[in-house]
Amino acid sequence: MHELAITEGIIKIASEVAEKNKAKKVLNIKIKCGDFSGVVPSLIQEYFDIVSKGTIVEGAKLIIDRVPIRIYCFECQSESEIQRSQICCPKCGAYKYKMISGKEFFVESLEVE
Ligand SMILES: [Zn+2]
């Protein structure tokens, strides 16, 4: 259900932008999706095809750009990419770090006609 609400949000944003630009059609929607956002990209596409029916964004292609989880470790002072299941620094094993990227989820751009 989480993805459904997100998909509706994407459609709302994309429709507003398309109308503002007097577009006839939306060709594609570029989305940034962090691996830590908890959003499942394949579900978004599935919901999108259903919910967008009859709207200006119907038939648009979703281009989902995945953003890996990157952390900065305070212990060894380095940046690394980690998996969602990993909870410590891969270089030194410390738990003292901050997340630099991976939480984001937003519409980056639209291509309209
Ligand atoms: Zn470290």
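Got a sec to turn the phi values of region 61-73 into Karplus ³J(HN,Hα) couplings, 6.51 cos²θ - 1.76 cosθ + 1.60 with θ = phi - 60°, whole Hz, x for Gly and Pro?
So the Karplus estimates, Gly and Pro as x, are 9, 8, 10, 9, 9, 7, 10, x, 7, 10, 10, 10, 8 Hz.
How far is helix 2-20 tilted, in degrees, relative to the longest principal axis of the Cα atoms in the chain, given as a value from 0 to 90 rounded to the nearest 10?
50 degrees
Using the Cα centre of the chain as origin and beta-carbon charges of +1 (Lys, Arg) and -1 (Asp, Glu), tell me which of 28, 106, 40 is placed farthest towards the positive end of the dipole.
Of the candidates, 106 comes out farthest on the positive side.
Could you calculate the FRET efficiency of residue 21 with residue 51 from 1/(1 + (r/R0)^6), where r is the beta carbon distance between them and R0 is 22 Å, rounded to 0.05?
0.55
Taking H as built 1.01 Å from N, whose amide H comes closer than 5 Å to the amide H of residue 105, not counting residues under 5 places away?
Distant-sequence amide H within range of residue 105: 34.
With Rg and the Kirkwood Rh both taken from Cα atoms, where does Rg over Rh land for the chain?
A ratio of 1.13.
Report, in debye and to the nearest 20, how large the dipole of the chain comes out about its Cα centre when Lys and Arg carry +1 and Asp and Glu carry -1 on their Cβ.
Roughly 200 debye, rounded to the nearest 20.
Would you mind checking 30/91; 12/103; 12/96; 12/32; 32/53 for any pair whose Cα atoms are more than 28 angstrom apart?
30/91; 12/96
For the chain, which whole percent of the accessible surface, found with a 1.4 angstrom probe, sits on carbon and sulfur atoms?
Carbon and sulfur together cover 52 percent of it.
Using helices alone, I'd like the mean residue ellipticity at 222 nm for the chain: each DSSP H run of four-plus residues gives -39500 (n - 2.57), total over residue count, nearest 500.
So the calculated ellipticity at 222 nm is -8500 deg cm²/dmol.
Take every Cα pair under 8 Å in the chain that's 6+ residues apart, average their separations, divide by the length, and report that relative contact order as a whole percent.
36 percent
Which one of 62, 94, 13 is farthest out on the positive end of the charge dipole of the chain, using unit charges on Cβ (Lys, Arg +1; Asp, Glu -1) and the Cα centre as origin?
94
Provide the net charge surrounding residue 55, with neighbours chosen by a C-beta distance below 12 Å and charges set as Lys +1, Arg +1, Asp -1, Glu -1.
That works out to -2.
Tell me which residues come under 5 Å, amide H to amide H, from residue 97 once H is placed; ignore anything under 5 positions away on its chain.
Amide H neighbours of residue 97: 74.
If one takes the longest principal axis of the Cα atoms in the chain, at what angle in degrees, from 0 to 90 and to the nearest 10, does the Cα axis of helix 41-51 lie?
Its long axis makes an angle of about 20 degrees.
The values are calculated or read from the model by the stated rules, or taken from the named source; none is laboratory data. Computed from a predicted structure; not experimentally measured. FYI the Cβ positions are ideal-geometry reconstructions off the backbone, even for glycines, and counts take in every protein chain you see. Calculation scope for accessible area: heavy atoms of the full protein, side chains included, ligands and nucleic acids excluded. Shrake-Rupley method; radii C 1.70, N 1.55, O 1.52, S 1.80 Å.
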